[in-house]
Amino acid sequence: MYTQGLDQAGKAATEQRAEETPEQLAAFQARIDAEEKIEAKDWMPEAYRRTLIRQISQHAHSEIIGMQPEGNWLTRAPSLKRKAILLAKVQDEAGHGLYLYSAAETLGVSRDSMVADLLSGKAKYSSIFNYPTLTWADMGAIGWLVDGAAIMNQIPLCRCSYGPYARAMVRICKEESFHQRQGFDIMLTLCGGSDEQKAMAQDALNRFWWPSLMMFGPNDANSSHSAQSMAWKIKRFSNDELRQKFIDVTVQQADFLGLEVPDDALQFDEASGHYRFSEIDWQEFFDVIAGNGPCNKQRMDKRRKAHEDGAWVRAAARAYAKKRAAKAAA
Ligand code: BYC
């Protein structure tokens, strides 16, 4: 509702597409190659704008849907301290969603249309949030592994060529770093506890390991957007490069916890300095992103209901804005 002006900018950009000349495209690429930041009002190819809207809005949706698996444990956290920490983390995720929707709005798309795309199932959100959170240890595994994978993917986004996205990512990454540590701290506490608690931590690692690796997206050979996104410096590393970096640091953290990574083929390769790992079950990944994961339906039903329940808040905000505008005009 605050973005009518930006919608016009979006229309203008669409109309501009037919006029994109080789000179304009070359000048744009030269700015990217010179590491200049592209800002909201700068000329940009329509495909660059669309790629950013797709990625940033899907990132925002992931933050918002991502509140659900952890929200599930807010009332069952084992102590007041753990509850306060988890509550703060879930609130941070809402904030990330809001910064990211704002960053996408600078590209001329309204928040209403992005939300409509999520609710209709047209827009994706991260596969990882379609898995259930069955025990308290899952809060540890999510912070440690999911936020850990998120940081690995998102630190390079602080250097993304699009200024508003890059700047939003700086604060997000600082908060994700706190999230990762709180998750590791839960795992450390469980692993230092009773045999039962340690088994709970191992079970959470078993269930979240492979889905966390899938967060980085398909193999480079099957990543439809990577080549162009890397040429535009939206992405700085490929999906496989980031996945490998994540595995290399996380296996050592699992060793420190005394947990076993659920991959029989995992081994350190001295020559390359990297851990080698088994093939990911890509069928599972593609099923989940097609809407057929264990919790896709539950997540979307809950989000749609929350949106409907919030209708009166949006109506009140619109009425208040109208009243203020009328007062200002009088
Ligand atoms: N899940 O060509 P590719 C968080 C899609 S939130 C679902 O490699 P791209 C947190 C991809 O969209 C973490 N879909 O794509 C929150 C594309 O489909 P479309 C979210 C996936 O964009 C709460 C197709 O597969 N992070 O941290 O170059 C609590 C082909 O893929 C996934 C971000 O969103 C997936 N995992 O690369 C705790 C980071 N992977 O769009 C934590 C920003 C791929 O053509 N996004 N797809 O229909 C990115 O960095 C990139 O978009 C990706 C994918 C690396 C995810």
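The values are calculated or read from the model by the stated rules, or taken from the named source; none is laboratory data. Quick caveat, the model's predicted, so the values are computed rather than measured. FYI the Cβ positions are ideal-geometry reconstructions off the backbone, even for glycines, and counts take in every protein chain you see. Ligands, DNA and RNA are stripped out before the accessible areas are found, and what is left, the full protein with its side chains, is counted by its heavy atoms. Shrake-Rupley method; radii C 1.70, N 1.55, O 1.52, S 1.80 Å.
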Task: Alpha carbon centroid spacing (whole Å) that separates segment 188-218 from segment 45-88 - done: 20
Task: For residue 173, solvent-accessible area (1.4 Å; no DNA, RNA or ligand), Å² - done: 10
Task: Packing-based order for 38-51, 261-274, using average beta carbon neighbours within 10 Å, highest first - done: 38-51, 261-274
Task: Residues of type lysines that residue 41 reaches as a straight line, Cα spacing below 23 Å, ignoring anything fewer than 8 places off in the same chain - done: 11, 233, 235
Task: On Cα atoms only, tilt of 163-191 relative to the major axis of the chain in degrees - done: 20
Task: Of 37/124; 174/327; 124/198, those spanning more than 32 Å from alpha-carbon to alpha-carbon - done: 174/327; 124/198
Open item on the list: Taking 41 Å as R0, compute the FRET efficiency from the Cβ-Cβ separation of residue 305 and residue 269 and round it to 0.05.
Closed with: 0.25
Open item on the list: I need the calculated FRET efficiency for the pair residue 292 and residue 225, taking r as the beta carbon distance and R₀ as 25 Å, to the nearest 0.05.
Closed with: 0.65
- [ ] Calculate, for residue 54 and residue 249, the FRET efficiency according to 1/(1 + (r/R0)^6) with r their C-beta to C-beta distance and R0 35 Å; round to the nearest 0.05.
- [x] 0.75
Open item on the list: Can you give me the accessible area per residue for segment 41-114, using a 1.4 Å probe, in Å²?
Closed with: 39
- [ ] Could you look at the chain and say what percent of its accessible area is carbon and sulfur, using a 1.4 Å probe and all protein chains?
- [x] 56
- [ ] Could you state the accessible area per residue of segment 194-307 in Å², with a 1.4 Å probe and every protein chain left in place?
- [x] 53
Task: For segment 181-330, size of Cβ-based charge dipole, Lys and Arg +1, Asp and Glu -1, in debye - done: 2120
TODO: Order the peptides 212-222, 76-86 from the highest to the lowest mean number of other Cβ atoms within 10 Å of their residues.
DONE: 212-222, 76-86
Task: Reciprocal of mean inverse Cα separation for the chain (Kirkwood radius, Å) - done: 21.4
- [ ] Check cross-link reach from residue 302 to the aspartates and glutamates: straight Cα distance under 17 Å, and skip same-chain residues fewer than eight apart.
- [x] 63, 70, 93, 117
